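Working notes, beginning with the structure itself.
The values are calculated or read from the model by the stated rules, or taken from the named source; none is laboratory data. Note that the structure is a prediction, hence the values are computed from the model and not measured. Neighbour counts are summed over all protein chains in view; Cβ atoms, including those assigned to glycine, are modelled from backbone coordinates with ideal geometry. Accessible surface is based on the protein model in full, side chains and every heavy atom, while ligands, DNA and RNA are left aside. Shrake-Rupley method; radii C 1.70, N 1.55, O 1.52, S 1.80 Å.
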Amino acid sequence: MRWNGKTLLWALALVGFILLPQLITVKYYLHLSILALCWVIAAQGQNLIQGYTGYVSIVQAGFMGIGAYSTALMGLHYDLPVWLTILLAPCVTAVFAVLTGYPSLRVKGHYFAVVTLAFNLVIFIVLMNWHDLTQGEAGITGIPKPGGKDSWLNWRDRGTYYYFVLSIAILMTGLAALIVRSRIGQTLIAIRQNEDLVGAIGIAAWKYKLFAFVTSAMYAGLAGAIYAHYQSFINPEIFGVAQSLDAILAVIIGGSGTIAGPVIGAFFVVFLPEYLRFADSFRLILYGLVLVLATIFMPRGIVGVAGDLWAKVKGKPS
Amino acid sequence: MTTAILQVEKLCKSFGGVHAVRDLTFHVAPGEILGLIGPNGSGKSTTVNALAGVFPPTSGEILLAGGHIQTLPEYERVAMGLSRTFQTASIFPEFTVREQLRLGCNVTLKSHPLSSVFGIGRHPGEDEAVESRINDILELTGLAEVAEDKVGTITAAQQRFLMIATTLASEPKIVLLDEPAAGLVSHERKTLSNLIRAIRDTGVSVLVIEHHMALIMEVCDRIVVLNFGSKIAEGTPEEIRNDKAVIDAYLGEAV
């Protein structure tokens, strides 16, 4: 019964996302929705390592940056087709994730968070200062849209790009759900609960942690690549630690360790700052306040609160 | 002489200047229940952790069914047939009893973990075999009626039995039970000693580390006594009960 209700909700959400461009009258909101869908992909990745495995990674935006610059530079320097560079971007990101994850995930505890945070800082500094490669703060312009010049789809149209990002977000959300339901996902959830016991029942926890981290980085790399081709312009500014914190918050606010959580959370972190514009210079303070209150009063996120309410309506204990 | 399931040779473990275990030699024979006892601080826990692979021994050898394991990580020792429980309840509170046991069976699976993501390349019949083994273990450990309950909600005693059940899921050759009777009341201890014998009857050797003397005396075939990191006695329960050194160091007046 409950499963049917869930399926119905997912179906409704799907219909809503498909109809969204028709419902939106302000073009700017369509733009924000596309950004939010990019963030859905990145947040689904973040959720695998943070929500399911219980290891907070503070480098998701940095990996988005690696993905974005990979696809842009491979396209510009080697003249590779856009679809290929978008597929290669997560692979490049994966290499960096193995190099950071391997040493920091062999041990338990907070080393991992510190190492990832430091790595995000390094990524940012390199993007800012390696002018020959990244053109520094000025960024890279003229990143081509997918489809080339004589495509039958008009990729310059935001509507087209919306459906492109939506399909990928659905695909990646589905993949995350498959991973979570598999033996691998069960092991990740077990690591979150009791890592010592995972070792004692014969499972090499570090391999699974590394898998979760590299997969999460590939999600970020893909999200970054799609973002780069959407904006046609990238600079280091949005690949800093502050944006990695947004990815963490998207997972917490949406509902850590749930599949729906990152979807809701991603839209939240993209749209909330926009709605707070009325507060002008108090905007960031207000944003911070909302986040702090949300974390205190809804530690299980919007999905958790909704689940409790639903259980109350049905008269069942949650 | 048949090969011992577990052979410990001149095991030493020091932490800085503290010699927690010194030149410890003993073995567990196939189908044997061996007790490891000693006062607090005598090196029992250090021995268990060195055997299980939580840390490497300072020197000495550990052989499992004739093969050296002292350099292997913990999870590889489990795959080779050595499983352990912990002194305190070690559980996955959010899982059901069945889910925790299913995870315990993972080490015995032949199909690659990735095959479970897309459902391709799996070994046929493997899932059914796992479920049937889980049912057997639930039956043996008396947890069948709470099989679908969340591990965090079952009683402390049931959690302790679940820890033992989880070690059995990996199809071990020997299980190390680290103070299995801690926190159990008398009738639960009775169930525990029956379970330990039942495990032995399935062909699995058992090494019990325990404070509860009545249980040890009742269930063990042989007993090794530690004091200050060294073995001071070894023998049948009857011999240990009457051993002068053991009485002085640990038992006090005869029990």
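Looking across segment B:175-203, the residues that are touching a residue at least 40 places away in the same chain (Cβ under 8 Å), open to solvent by 10 Å² or more (accessible area, probe 1.4 Å) and within 11 Å of B:Glu32 (Cα to Cα) come down to B:Arg197, B:Arg200, B:Gly203. The set of residues from segment A:84-121 being open to solvent by 80 Å² or more (accessible area, probe 1.4 Å), free of Cβ contacts under 8 Å to residues at least 24 places away in the same chain and under 27 Å from A:Phe233 (Cα atoms) comprises A:Leu87, A:Val95.
From the list B:Ala156, B:Ala129, B:Ala144, the one residue that fits, being touching a helix residue (DSSP H, G or I) at 6+ places or on another chain (Cβ under 7 Å) and at pLDDT below 95, is B:Ala144.
None of B:Val54, B:Val130 is within 14 Å of another protein chain (Cβ to nearest Cβ) and not in a helix (DSSP H, G or I) except B:Val54. Among the residues of segment A:62-83, just one is open to solvent by 20 Å² or more (accessible area, probe 1.4 Å), touching a residue at least 60 places away in the same chain (Cβ under 8 Å) and aromatic (Phe, Trp, Tyr), namely A:Trp83.
To keep it simple, each residue is scored yes or no on (1) in contact with a Gly (Cβ under 7 Å, 6 or more places away or on another chain); (2) open to solvent by less than 20 Å² (accessible area, probe 1.4 Å); (3) over 26 Å from B:Phe95 (Cβ atoms).
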position	(1), (2), (3)
A:Lys207	no, no, no
A:Phe213	yes, yes, no
A:Gly224	yes, yes, yes
A:Ile238	no, no, yes
A:Ile285	no, no, yes
A:Phe297	no, no, yes
A:Ala311	no, yes, no
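Of the residues making up segment A:184-205, those that are open to solvent by less than 40 Å² (accessible area, probe 1.4 Å) and part of a helix (DSSP H, G or I) number 14.
The residues of segment A:147-183 that are outside any helix (DSSP H, G or I) and touching a Gly at 6+ places or on another chain (Cβ under 8 Å), listed by number, are A:Leu153, A:Trp155.
Screening B:Gly121 on (1) more than 9 Å from chain A (Cβ to nearest Cβ); (2) assigned to a loop (DSSP other than H, G, I, E, B); (3) at pLDDT 90 or above; (4) closer than 28 Å to A:Val180 by Cα shows it passes everything except condition (3). Within segment B:93-118, the set of residues being part of a loop (DSSP other than H, G, I, E, B) and surrounded by 15 or more Cβ atoms within 10 Å (Cβ to Cβ) comprises B:Glu94, B:Phe95, B:Leu109, B:Ser111, B:Pro113. Those strands (runs of 3 or more DSSP E) of segment B:1-45 in which at least 1 residues are open to solvent by 30 Å² or more (accessible area, probe 1.4 Å), considering only elements entirely within it, cover B:6-15, B:18-28.
In segment B:82-92, of all residues being surrounded by fewer than 22 Cβ atoms within 10 Å (Cβ to Cβ) and more than 9 Å from chain A (Cβ to nearest Cβ), the one that is farthest from A:Ala190 (Cα to Cα) corresponds to B:Gln87. When B:Thr3, B:Thr46 are screened for being more than 19 Å from the chain's Cα centre (by Cα) and under 23 Å from B:Ile196 (Cβ atoms), only B:Thr3 passes. Scanning segment B:60-79 for residues that are in a loop (DSSP other than H, G, I, E, B) and either open to solvent by less than 50 Å² (accessible area, probe 1.4 Å) or of a type in the set (Gly, Ala, Ser) (or both) yields B:Ala65, B:Gly66, B:Ile69, B:Gln70, B:Leu72, B:Pro73.
Specify the residue that is farthest from B:Ala147 (Cα to Cα); the eligible residues are those in segment B:161-192 that are charged (D, E, K, R) and away from chain A (no Cβ under 14 Å). Ranking the candidates gives B:Glu179 first. Away from chain A (no Cβ under 13 Å), in contact (Cβ under 8 Å) with a residue 40 or more places away in the chain, closer than 24 Å to A:Arg181 by Cα and not in a loop (DSSP other than H, G, I, E, B) - does that describe any residue in segment B:145-159? Yes, segment B:145-159 contains a residue that is away from chain A (no Cβ under 13 Å), in contact (Cβ under 8 Å) with a residue 40 or more places away in the chain, closer than 24 Å to A:Arg181 by Cα and not in a loop (DSSP other than H, G, I, E, B).
Annotation note: Cβ proximity below 9 Å between a residue of segment A:1-28 that is among the charged types (D, E, K, R) and a residue that is at pLDDT below 85 and not in a helix (DSSP H, G or I) (sequence gap 6+ or interchain) occurs for A:Arg2/A:Lys316.
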